[in-house]
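Please treat every number below as a calculation from the coordinates, not as lab data. Since the structure is predicted, the reported quantities are computational estimates derived from the model, not experimental observations. Cβ placement follows ideal geometry from the backbone for every residue including glycine, while neighbour counts extend to all protein chains displayed.
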Amino acid sequence: MRALLETGVDAVLTADSRMTLGAVRVCLEAGITPSAGLPFVGFDDIAPFTLLQPPLPLICQDLEGMATTAVQLLEAQLRGERPQTEHRLPAHLRLTPATTITEAEVPHHD
């Protein structure tokens with residue numbers, strides 16, 4: 001992240017919560033406020049993100065659905081079945097704590 005900031009990156013999109021935390025930390029150390037001083041979209045909606053001001057826009061996954069699917073896949077394997085290898089679960093973009101855009105509302109470009 002430091003190297004990206006040195007190149008003059010003009011936006012950040014992270015791929016998971018740990019990457020988001022690290023990128024936020026590096027931005028703050030550099031005197032940059034994520035979302036205010038640099039367009040920034042984080043990933044996952046974990047408790048520490050509620051402390052950030054301004055709030056980060058976040059791509060939020062269906063963690064309960066992920067856990068349920070994982071258990072179902074494990075149970076199928078234990079029964080000797082070969083479960084489907086690809087699963088698509090919904091995600092949504094939360095621009096602010098009060099604003100959410102669901103996957104169905106996002107235009108798709110195939």
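Odds and ends about this structure:
- Top of GLU81, GLU64, GLU29 by mean-square fluctuation, Gaussian network on the chain, Cα under 10 Å: GLU81
- Cα point-scatterer Debye curve for the chain, base-10 log of I(q)/I(0) at q = 0.18 Å⁻¹: -0.93
- Between the helical axis of 17-29 and the longest alpha-carbon principal axis of the chain there is an angle of about 10 degrees.
- Gaussian network model of the chain, Cα within-10 Å springs - most flexible of GLN72, GLN84, GLN61: GLN84
- In this label model, ALA47 and ARG82 are separated by 4.3 nm, measuring between points 7 Å along each Cα→Cβ vector.
- Helix 63-78 axis, angle to the chain major axis (alpha carbon atoms, nearest 10°): 30
- For the chain, calculated [θ]222 nm from helices alone, where every DSSP H run of n ≥ 4 adds -39500 (n - 2.57): -9500 deg cm²/dmol
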